[in-house]
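Trainee: Before we start, here is the structure in question, set down as structure tokens.
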Amino acid sequence: MSLLSVRDLSVSFRGPGGWVPVTDRVSFDVEAGTTVGLVGESGSGKTVTALSAMGLTRAQGARVTGQVLFDGEDLSTLSQRELSTRRGATISMIFQQAIRTLDPAFTVGEQIAESVRRHEKVPRKEAWRRAVAMLDRVHIPRAAERAKEYPHTFSGGMSQRAMIAMALACSPKLVFADEPTTALDVTVQARILDLLREIQRDTGIAVVFISHDLGVIAELAQQVVVMYAGQVVERASVEELFLHPRHPYTAGLLNAIPAVGRGRRLVSIPGNVPAPGSMPTGCRFHPRCPHEVPGRCDVGPLDLEDDVRCLRSGELTLLGIPTPTGVPS
Amino acid sequence: MLKLVGRPLAALVPTLLVVTFSVFLLVELAPGDAGYALAGENPSPEAVEAIRRELRLDEPLLQRYLEWVWHALQGDLGRSYLSNQPVSELLVQRLPVTLSLGVVSLVLAVVAGFALGIAAASRPGRLVDRVVTAVSSVMLAIPSFWLALVLVLIFAVSRTIFPTLGYAELSQGAGDWLYHLTLPAVALAMNPAATVALQLKSALIAEEGSDYLMAARAKGLTASSLLFKHALKNAAVPVVAVLGFRIAALLGGTVIIETIFVLPGLGLLAQQTAINQDVPVILGIVTVTTLFVMIVNIIVDASYGLINPKLRGAR
Ligand SMILES: Nc1ncnc2c1ncn2[C@@H]1O[C@H](COP(=O)(O)OP(=O)(O)OP(=O)(O)O)[C@@H](O)[C@H]1O
Ligand code: SF4
Ligand SMILES: [Mg+2]
């Protein structure tokens with residue numbers, strides 16, 4: 001059995017005119033110790049899916065259906081109180097804007113120690129010692145002193161390291177990493193990815209790595225889940241997905257990978273992700289799809305079949321790209 | 001820490017000079033003087049003139065002011081024109097009453113304001129929130145003297161609950177002391193309590209959607225530590241600033257509240273001496289209250305820096 005199995009997870013938020021569906025029957029599995037990449041353009045529902053898996057959108061008042069089987073139990077049936085004993089302990093999350101996700105009013109060390117105290121009945125001193133050790137673990141220099149400082153004295157990269165230390169302080173089995181490097185510049189980004197890889201190698205933690213950039217995903221993940229407009233449109237291993245994309249949207253994302261010296265022109269997909277509540281009929285990608293057949297693609301419901309959500313996947317031959325160097329094989 | 005306190009301390013002396021000199025000028029410009037006030041009914045011009053000479057009111061303003069400053073620096077604030085009592089003695093008698101009233105009102109305002117604000121913010125849009133918001137808005141609109149009069153009316157009819165008159169010293173028992181201060185403190189605390197409640201509520205709600213609370217929830221914190229620890233500490237920053245402004249206003253309010261409840265504090269003294277143009281006493285009161293307000297502001301600023309770490313290094 002998989003460590004995490006998200007099944008038919010649908011989330012609606014309350015809008016001015018009633019419930020607005022934001023994600024639709026999202027399903028994917030994560031095996032223990034592996035990394036799954038969750039990819040899609042902005043607004044495709046990646047963050048909502050991660051938050052919902054941890055029961056955090058329910059806490060915001062969202063309507064959530066489906067199951068989240070994690071570590072032998074269905075998180076979707078737990079109360080917020082019960083969930084709070086799992087969050088940060090066995091399942092955790094790293095956020096995009098680390099600077100904004102650290103509380104400005106408390107020292108960095110206190111925020112890590114607080115998490116330790118919450119889940120393990122240890123004395124304050126011991127929790128603080130653990131916090132310092134965690135900061136050291138994520139390679140923050142002078143960890144003992146830095147622990148006593150407030151988040152505003154931390155740079156973007158350092159806050160992200162602190163955030164990682166906070167999320168991993170209680171050795172969870174799985175962590176959602178929601179675009180942890182998007183807000184950082186390229187060199188810092190590479191170092192944070194190195195850190196995540198290193199931690200995964202040492203601890204065997206499972207990672208759901210969220211990004212809009214398939215290039216970054218290829219560096220870390222073994223499996224990829226592609227989301228578009230609140231739905232999963234394709235699931236495959238990294239190699240399969242890169243060499244033989246089966247969904248036109250995946251092919252579009254591959255074309256959009258920013259890479260120097262690959263000798264291909266960067267082509268972004270024209271158009272925008274539709275807004276929740278005004279989804280196109282039929283295939284949600286049809287207004288932007290170069291392979292759309294009118295009268296066929298834009299009618300009727302369309303399900304995920306054999307890991308792809310495209311009527312024409314059997315007849316199309318889509319162009320892949322070689323997997324970037326450094327892909328774990 | 002030193003930086004936070006040092007600069008405002010340095011500003012203390014010039015501020016005091018400006019304030020006391022302004023009072024000197026204002027009294028001079030006001031019609032009539034202590035000569036008339038002290039000479040009794042239908043005084044002869046000679047009698048008035050004699051009193052003036054005795055009080056040295058015929059000497060130039062600047063000279064009298066500088067003399068006052070010179071003596072004040074040595075701790076001598078002069079004597080009351082009216083009672084001939086040393087001003088410092090008067091102040092020492094009256095200050096504890098006003099301080100007691102101020103402290104009790106402030107504690108009441110903070111406790112009530114925080115309780116109401118938190119209650120409203122924990123269920124935004126629900127009944128508690130709407131009641132707190134409505135009551136606070138009404139409380140803000142009611143002048144404190146009006147509430148004081150209503151309280152006097154209510155409790156003067158059924159006296160048994162709270163006294164509406166006079167003061168009992170703290171040294172004679174905290175119970176009696178508090179008992180006498182309850183109604184005046186309620187009247188005085190109402191406005192700042194309402195301000196704190198509304199400010200804290202909106203500050204807490206503004207924190208609600210912030211990323212750091214989502215992250216704190218994601219690491220397993222319970223709803224109560226999210227609210228009472230994280231959101232509250234962030235929301236308290238603007239509220240403490242507002243409270244700081246309110247302390248000066250609260251002190252001003254004691255004049256009328258002490259008059260209504262006949263509390264023998266600085267406020268009541270100020271009201272009496274202002275009528276009689278008893279300049280040394282007025283100056284004494286102004287000096288003490290200015291000092292007090294400025295010191296309170298320094299404390300508020302410092303505590304603001306303590307709860308808002310970003311300001312600690314910055315100033
Ligand atoms: N709390 C909320 N209330 C209402 N709508 C929301 C809420 N959170 C997200 N949404 C909507 O859900 C959709 C998906 O948002 P989500 O943040 O999951 O996208 P994403 O794939 O993570 O995009 P990004 O790359 O920009 O982070 C968006 O249209 C967003 O506006
Ligand atoms: S179903 Fe049609 S429109 Fe949708 S992705 Fe496939 S080809 Fe394109
Ligand atoms: Mg997102």
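What follows is calculated from the coordinates using simple rules that are stated; it is not laboratory data. Everything quoted here is computed from the prediction, not taken from an experiment. Cβ coordinates were reconstructed from backbone atoms using ideal geometry, including for glycine residues, and neighbour counts include every protein chain displayed.
Trainee: About the Cα centre, and with charges only on the beta carbon of Lys, Arg (+1) and Asp, Glu (-1), how big is the dipole of chain B? Nearest 20 debye, please.
Mentor: On the way: 21 positive and 20 negative charges, 391 e Å.
Computed about the Cα centre, the dipole is about 1880 debye.
Trainee: OK, next. Just tell me the longest site-free run in chain A, where the sites are trypsin sites (Lys or Arg not before Pro) in a DSSP loop having at most 13 other beta-carbon atoms within 10 Å. Display every interim value, and only then the final one.
Mentor: Working: sites that count: A:Lys121, A:Arg142, A:Lys148, A:Arg262, A:Arg264, A:Arg265, A:Arg296.
The reported range is A:1-120.
Trainee: Same structure, new question: Taking a cut-off of 13 Å, what percent of all Cα-Cα pairs in segment A:103-153 are separated by more than that?
Mentor: Values: 646 of 1275 pairs.
Every Cα pair in segment A:103-153 considered, those over 13 Å come to 51 percent.
Trainee: Let me ask something else. For B:Ala30 and B:Val69, compute 0.36 nm times the residue count separating them, minus their Cα-Cα distance, and round to one decimal in nm.
Mentor: Between B:Ala30 and B:Val69, full extension yields 11.9 nm more.
Trainee: Let me ask you something else. Helix-only mean residue ellipticity at 222 nm, the protein assembly as shown, DSSP H runs n ≥ 4 weighted -39,500 (n - 2.57), per residue, nearest 500. What is it? Don't jump to the answer; show the numbers that get you there.
Mentor: Working: 25 runs with 344 residues, N = 644.
Taking each H run of at least 4 residues, the total per residue is -17000 deg cm²/dmol.
Trainee: On to the next question. Find out how many positive minus negative residues lie around A:Leu83, taking Lys and Arg as positive, Asp and Glu as negative, among other residues whose Cβ is under 10 Å from that of A:Leu83. Mind showing how you got there, number by number?
Mentor: Details: positive: A:Arg58, A:Arg81, A:Arg86, A:Arg87, B:Arg217; negative: A:Glu82.
Net local charge, A:Leu83 excluded: +4.
Trainee: A further question on this structure: Can you tell me the equivalent ellipsoid semi-axes for the protein assembly as shown? Use √(5λ) from the Cα gyration tensor, largest first, whole Å.
Mentor: Result for the protein assembly as shown: semi-axes of 70, 26, 23 Å.
Trainee: Which one, B:Thr222, B:Pro14, B:Ser80, is farthest towards the positive end of the dipole of chain B when Lys and Arg carry +1 and Asp and Glu -1 on their Cβ?
Mentor: After comparing all options, I get B:Thr222.
Trainee: Report, to the nearest 10°, how far helix B:144-157 tilts away from the longest principal axis of the Cα atoms in chain B, using its own Cα long axis and a range of 0 to 90°.
Mentor: The angle comes out at about 90 degrees.
Trainee: At a threshold of 8 angstrom on Cα-Cα distance, excluding pairs fewer than six apart, so keeping six or more, what relative contact order does chain A reach in percent? Write down the numbers at each step before the final one.
Mentor: Details: 648 pairs, mean separation 66.2, N = 329.
Across chain A, relative contact order equals 20 percent.
Trainee: What nm value, rounded to one decimal, do you get for the distance between B:Gln271 and B:Val111 when each label is placed 7 Å out toward the C-beta?
Mentor: The two pseudo-label positions are separated by 2.6 nm.
Trainee: Then there's this: Counting Lys +1, Arg +1, Asp -1, Glu -1, what net charge surrounds B:Leu204 among other residues with beta carbon under 15 Å of its beta carbon? Write down the numbers at each step before the final one.
Mentor: Values: positive: B:Arg123, B:Arg126, B:Lys201, B:Lys229, B:Lys233; negative: A:Asp103, B:Asp129, B:Glu207, B:Glu208.
My count for the surroundings of B:Leu204 gives +1.
Trainee: Where is the GNM fluctuation largest for chain B (alpha-carbon springs, 10 angstrom cutoff): B:Ala218, B:Ala121, B:Ala141?
Mentor: Among B:Ala218, B:Ala121, B:Ala141, the largest GNM mean-square fluctuation belongs to B:Ala218.
Trainee: To continue, here is another question. Would you be so kind as to identify which of A:Ser76, A:Gly156, A:Thr49 lies farthest towards the positive end of the dipole of segment A:38-171, taking Lys and Arg as +1 and Asp and Glu as -1 on Cβ and the Cα centre as origin?
Mentor: Projecting each Cα onto the dipole axis, the largest value belongs to A:Gly156.
Trainee: Averaged over peptide B:202-214, how many Cβ atoms belonging to another chain are found within 10 Å of each residue's Cβ?
Mentor: Numbers: counts 0, 0, 0, 0, 0, 2, 1, 1, 4, 9, 12, 2, 8.
Per-residue shielding by partner chains comes out at 3.
Trainee: Right, here's the next one. With r as the distance between the Cβ atoms of B:Ile307 and A:Ser2 and R0 = 45 Å, compute the FRET efficiency 1/(1 + (r/R0)^6) and round to 0.05. Before the final figure, lay out each step's value.
Mentor: Values: r = 46 Å, r/R0 = 1.01.
The computed FRET efficiency comes out at 0.50.
Trainee: Can you give the mean number of other chain Cβ atoms that lie within 10 Å of the Cβ atoms in peptide A:97-103? Working shown, then result.
Mentor: Values: counts 3, 2, 2, 5, 8, 4, 12.
Per residue, the number of nearby Cβ atoms from other chains is 5 on average.
Trainee: In percent, how large is the relative contact order of segment B:173-315, given Cα pairs closer than 8 Å and 6 or more residues apart? Walk me through the numbers on the way to the answer.
Mentor: Details: 85 pairs, mean separation 34.8, N = 143.
Once divided by the residue count of segment B:173-315, the mean separation gives 24 percent.
Trainee: Can I ask one more? Before anything else, pin down the relative contact order of chain B: Cα pairs under 8 Å, at least 6 apart, normalised by residue count, whole percent.
Mentor: Numbers: 344 pairs, mean separation 85.8, N = 315.
Relative contact order for chain B comes out at 27 percent.
Trainee: Moving to a separate point now. Only Cα pairs within less than 10 Å get springs; with that Gaussian network setup on chain B, which residue of B:Gly117, B:Gly209, B:Gly78 has the largest fluctuation?
Mentor: Among B:Gly117, B:Gly209, B:Gly78, the largest GNM mean-square fluctuation belongs to B:Gly209.
Trainee: Lys/Arg Cβ at +1, Asp/Glu Cβ at -1, dipole of chain B taken about the Cα centre: which of B:Asn308, B:Phe145, B:Gly166 is farthest positive-ward?
Mentor: B:Asn308
Trainee: What does the charge dipole of segment A:106-256 about its Cα centre add up to, to the nearest 20 debye, if the Cβ of each Lys and Arg holds +1 and the Cβ of each Asp and Glu holds -1?
Mentor: About 740 debye.
Trainee: Quote the charge dipole size of the protein assembly as shown about the Cα centre in Debye, to the nearest 20; the model charges only the Cβ of Lys and Arg (+1) and of Asp and Glu (-1). Provide the component values of the computation, followed by the final result.
Mentor: On the way: 57 positive and 55 negative charges, 236 e Å.
Its charge dipole is roughly 1140 debye.
Trainee: Taking loop as defined by DSSP and a crowding limit of 16 other beta carbons within 10 Å, which GluC sites (Glu not before Pro) in segment B:32-139 fit? Can you show the working numbers first?
Mentor: Numbers: sites: B:Glu41, B:Glu46, B:Glu49, B:Glu54, B:Glu67, B:Glu89; in loops: B:Glu41.
Passing sites in segment B:32-139 are B:Glu41.
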